[in-house]
1. Tell me, what HN-Hα J-couplings in whole Hz come from the Karplus equation 6.51 cos²θ - 1.76 cosθ + 1.60 at θ = phi - 60° for each residue of region B:40-57, using x for Gly and Pro?
2. Are there trypsin sites (Lys or Arg not before Pro) in region A:70-170 that DSSP marks as loop and that have at most 13 other Cβ atoms within 10 Å, and which are they?
3. Per residue of region A:180-195, in order, report the coupling 6.51 cos²θ - 1.76 cosθ + 1.60 (Karplus, θ = phi - 60°) as ³J(HN,Hα) in whole Hz, putting x for Gly and Pro.
4. For the protein assembly as shown, what class follows from the C-alpha gyration tensor (a ≥ b ≥ c being the square roots of its eigenvalues): rounded when a/c is under 1.5, otherwise prolate if a/b is larger than b/c, else oblate?
5. Given the rule -39500 (n - 2.57) for each run of at least 4 DSSP H residues, summed and divided by the residues of the protein assembly as shown, what is its mean residue ellipticity at 222 nm, to the nearest 500 deg cm²/dmol?
6. Taking the 0 to 90 degree range and rounding to the nearest ten, how far is the long axis of helix B:120-130 tilted relative to the main principal axis of chain B, both from C-alpha atoms?
7. How well do other chains shield peptide B:49-58, expressed as the mean number of their Cβ atoms within 10 Å of each residue Cβ?
8. So how do B:Arg54, A:Arg179 line up by other beta-carbon neighbours within 10 Å, fewest first?
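Values quoted throughout were computed directly from the atomic coordinates according to the rules given, and no laboratory measurement underlies them. Here the structure is a predicted model, which is why all the values come from computation and not from measurement. Note that each Cβ is placed from the backbone with ideal geometry, even for glycine, and that neighbours are counted across all protein chains shown.
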Protein chains: 2
Amino acid sequence: MGSVSSDHPGIIELYGALACGEIAAFYRLADEARLAPHLHGRIAMARMAGSEMRHYELLHTAIRDLGREPIEVMKPYVEVLDAYHQSTLPSTWPEALVKAYIGDAIAADFYLEIASAFPDDVANVVRGVLAETHHSEFVKDEVRSIVERDKKEADRLRLWARRLFGEALTQAQHVLGQRDELTELLLTASGDLNHIATLFESMQGKNDDRMKTLGLE
Amino acid sequence: MGSVSSDHPGIIELYGALACGEIAAFYRLADEARLAPHLHGRIAMARMAGSEMRHYELLHTAIRDLGREPIEVMKPYVEVLDAYHQSTLPSTWPEALVKAYIGDAIAADFYLEIASAFPDDVANVVRGVLAETHHSEFVKDEVRSIVERDKKEADRLRLWARRLFGEALTQAQHVLGQRDELTELLLTASGDLNHIATLFESMQGKNDDRMKTLGLE
């Protein structure tokens with residue numbers, strides 16, 4: 001793993017990308033909660049969205065501390081996150097749950113893998129922002145109970161989860177193609193191309209673990 | 001002003017009503033943010049919704065501390081809050097902003113007026129939950145700038161704000177007609193019927209102040 005200096009111009013880009021991701025996740029959860037068949041589901045999705053906004057506030061402060069305006073730093077990432085959302089619109093409540101549990105985690109896995117290469121203050125922000133929240137317990141229980149009683153639905157959700165992983169990688173590539181400073185940051189943090197291969201394997205492994213947790217192995 | 005004992009059965013009802021109000025406000029803000037013409041507006045609405053969820057977490061804990069399940073306590077209030085929302089759907093971004101600023105505040109004024117009659121721990125929860133957040137500064141600035149450059153829009157928004165106040169009172173009456181223990185709590189807290197008249201005058205006064213702040217006097 002490499003080592004990133006405190007004044008790397010990609011750091012502010014990273015904060016912008018993460019902040020935009022939190023806002024996008026917030027609206028996605030609020031929007032997809034409309035598929036919830038019961039009040040319990042609506043409350044759980046709202047609480048998850050509330051966690052995203054707590055994370056957003058951390059990033060908002062971190063961006064301001066670097067003397068920049070959050071909105072300006074976030075703008076370049078709006079389109080790609082919208083594209084991810086549009087390409088993975090769930091049409092059922094179980095799909096929305098799987099997306100809430102697996103979708104965000106993919107990016108989180110990636111950033112957490114490379115966090116130790118960042119200066120301490122940046123690593124702390126990244127870890128604080130991407131920590132899993134206890135609210136996702138609800139999602140686990142709900143998906144497991146659906147999957148256990150309906151084998152066909154389990155098959156559908158397995159394909160759906162794989163598609164989410166694929167779409168996340170596609171959109172990530174778009175970002176990396178467009179944002180030089182962020183890409184340079186991530187390459188420096190990863191160390192070298194060999195390490196990147198290991199990193200992707202590790203992400204794939206964590207994604208598999210998560211699918212197992214949902215009963216989708 | 002009266003005095004409410006710690007074991008009044010209306011206290012849990014009050015928490016349920018407030019918790020349901022936070023969830024309803026969360027979804028309303030997320031939903032109405034789609035009227036925002038710019039990213040700045042979408043971020044501001046998401047941050048306000050995030051504040052509602054921080055308040056929800058306080059109530060969630062307070063309800064659990066009384067040995068009850070939040071969802072059960074909230075259920076009776078879902079319908080009336082949906083009704084308020086459905087009867088006050090904004091059709092423009094300025095209407096959404098005025099609703100975000102004025103709508104929630106009406107109920108908050110009422111509860112804060114009577115909070116001193118509650119036992120200390122209950123009063124603390126109520127005050128913590130209903131405190132105004134700094135995010136509404138954005139709403140103030142945005143509405144004032146619209147109102148200053150468009151007199152016709154200002155007239156429309158003035159009528160809209162009055163309608164919000166009227167609808168809030170109508171829905172409050174529905175709640176009071178249906179939930180005996182909550183009604184008893186609020187009457188005990190208010191002291192007597194004379195005091196209720198004073199209380200409504202004070203609420204009207206605060207609503208007028210808020211309209212003035214928005215440039216809608």
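1. Ordered by residue, 3J(HN,Hα) equals 3, x, 5, 5, 4, 5, 5, 5, 5, 5, x, 4, 4, 6, 4, 5, 4, 4 Hz.
2. none
3. Going residue by residue, I get 4, 6, 5, 4, 4, 4, 5, 5, 4, 5, 6, x, 8, 5, 4, 5 Hz, with x marking Gly and Pro.
4. prolate
5. Mean residue ellipticity at 222 nm (helix-derived): -25500 deg cm²/dmol.
6. For helix B:120-130, the angle is close to 20 degrees.
7. 5
8. B:Arg54, A:Arg179
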